[in-house]
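Trainee: Next up is a structure, given as structure tokens.
The values are calculated or read from the model by the stated rules, or taken from the named source; none is laboratory data. These numbers come from a predicted model, not from an experiment. Backbone-built Cβ (ideal geometry, glycine too); neighbour counts: all protein chains shown. All accessible areas refer to the heavy atoms of the entire protein, side chains included, with ligands and DNA or RNA removed. Shrake-Rupley method; radii C 1.70, N 1.55, O 1.52, S 1.80 Å.
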Amino acid sequence: MVALTPRVWGVHSNGRRDKAVANAHRVDRTRQAKCDPSVFLTTAGVCVIVVLVRGEAPLATVWPGRRWLAALDALLWPAVSLTFLWRVEARPGIVGAVGVAMLGRWALRRLHRALARNERYRFTSWVWGRWLVLVLGLGLALRWAVLA
């Protein structure tokens, strides 16, 4: 297995070109077998890592009332999560306190994005609500099928 050092990327940490990349045509073909299978190989035997990055989502159109609806949505989901956390019958102790703090921070971040950067806010109710309605509809259909 080849260690992933700055040489694998083709440039030393001090900025000079790597001899292994400059002389790639001289690399022995047996070196390819020593590379990790999760790393792709070029024809010269140099290991290359492929990184795939998702692009940014396009900006949403801002319409009248979207800011207040986004603020409501931003506070609704952390409040629902907090309700489930409080309903735990066992004493959550420090885990519960950390959970409440994290939910509070999550709510503040979402509220800031909903009010200050409204074009970047994505409605959680729309993203998760669709799946929730689908599962509830499937449950109702199964219930009616069993009763019939």
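Trainee: Quick check for you: with a 1.4 Å probe and neighbouring chains kept, what is the accessible area per residue of region 79-125, in Å²?
Mentor: The answer is 75 Å² per residue.
Trainee: Once R0 is set to 25 Å, what does the formula 1/(1 + (r/R0)^6) return for the Cβ-Cβ distance between L138 and W86, expressed as a FRET efficiency to the nearest 0.05?
Mentor: With a Förster radius of 25 Å, E is 0.30.
Trainee: With viscosity set to 1.306 mPa s at 10 °C, what whole-number translational diffusion coefficient in µm²/s follows for region 76-139 from Stokes-Einstein and a Kirkwood radius over Cα pairs?
Mentor: 117 µm²/s
Trainee: By the scheme Lys and Arg +1, Asp and Glu -1, what is the net charge of all other residues having a beta-carbon under 15 Å from that of M102?
Mentor: Cβ neighbours under 15 Å give a net charge of +3.
Trainee: What net charge do the residues around G129 carry, taking every other residue with its C-beta under 15 Å from that of G129, with Lys and Arg at +1 and Asp and Glu at -1?
Mentor: +1
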